[in-house]
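Notes follow the structure.
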Amino acid sequence: MSPRLLIVLALVLVSLPINADDDRGKIVETSGEVYIVSVDGERRGIEEAGAVINASETIVTDENGHAVVSFSDAVLSVVDQNSRLQVEEAGWLSHLGGKIYFTYRKIFGEPRRVKTRFATLGIRGTTFIVYDDARGRAVALTEGLLDIDTPGPAFELYRQQQNHRFEKFKRQARQQQQAAQREFDDYRQGLNREFVDYKLSFKLYPSHIVRFDGNRVEEAIIDDRVQSDFEQFEAIAGEWLEEFREQATHHQESIKNQPAVNE
């Protein structure tokens, strides 16, 4: 191959868009101060909706800022104020701090994950919020399932279901005679021993929240305050969320209507 031809080929390769395969989504709506930070630390402000997000970039919001982001792998997210979301390769997002809402459409293909500073979340067509701020660290789920894996030692998991059992027994004990008190105390001691479950991974079910304090994890039913967070995020997402859910419905219907394949 002649030297001239080698130079021409090199110029062609240099002129190709190197980020063509890194496009992971778009910021479809913003308010307040929102930035995109490159892998090199370069920060650019978002003046209007439509900014493209590439792999290895981080979405950063200041106080009173938020961003609604539509990702190419069937994900819609709302990044709250004072929050950071790093965009990884397809199927991966990294929650770096703050409060962020995620909703995932069910699709077939490679598994999808959200990595946090305290756990890794496996997605199964879900809607959830990740908290990592002054209020603490938590994951709240309203639909679907999440597989929650530890990044280190086993979790000490305290499940709310056993709390319900304890409260039910306690109410019954109050209605009994004093002679039942010892039986109740024995039961409570046994329950406390059963309460802790050591897990490298566990499933989170709808209408539940898990709060993390180191390796200690406490599961509870979503309360009014957390439910209000979901409602506020979904009000911010507005028509983008409605469109996302319509697409999810059409997708499910198309799968159901596909003819069966005879082997």
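Taken together, the values in this text are just the output of simple stated rules run on the coordinates, not laboratory data. For clarity, every value in this text was computed on a predicted model and none was experimentally measured. Positions of Cβ are backbone-derived with ideal geometry, glycine not excepted, and every protein chain shown enters the neighbour counts.
Quick look at the values:
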read-out	value
Least to most buried among 239, 219 (fewest other Cβ within 10 Å first)	239, 219
Under the Karplus curve 6.51 cos²θ - 1.76 cosθ + 1.60, θ = phi - 60°, whole-Hz ³J(HN,Hα) for region 199-212, x wherever Gly or Pro sits	9, 7, 7, 7, 9, 10, 9, x, 6, 10, 10, 10, 10, 10
Neighbourhood net charge (11 Å Cβ-Cβ; Lys/Arg +1, Asp/Glu -1) for residue 233	-3
Residue order, fewest to most surrounding Cβ atoms within 10 angstrom, among 101, 158	158, 101
Total formal charge among the other residues, if their Cβ is under 11 angstrom from that of residue 142, Lys/Arg +1 and Asp/Glu -1	-4
For 209, 221, order by how many other beta-carbon atoms lie within 10 Å, fewest first	221, 209
Alpha-carbon Debye profile of region 56-139, log10 I(q)/I(0) at 0.21 Å⁻¹	-0.95
Residue-span extension gain [residue 227 to residue 39] - 0.36 nm each, minus C-alpha spacing	64.2 nm
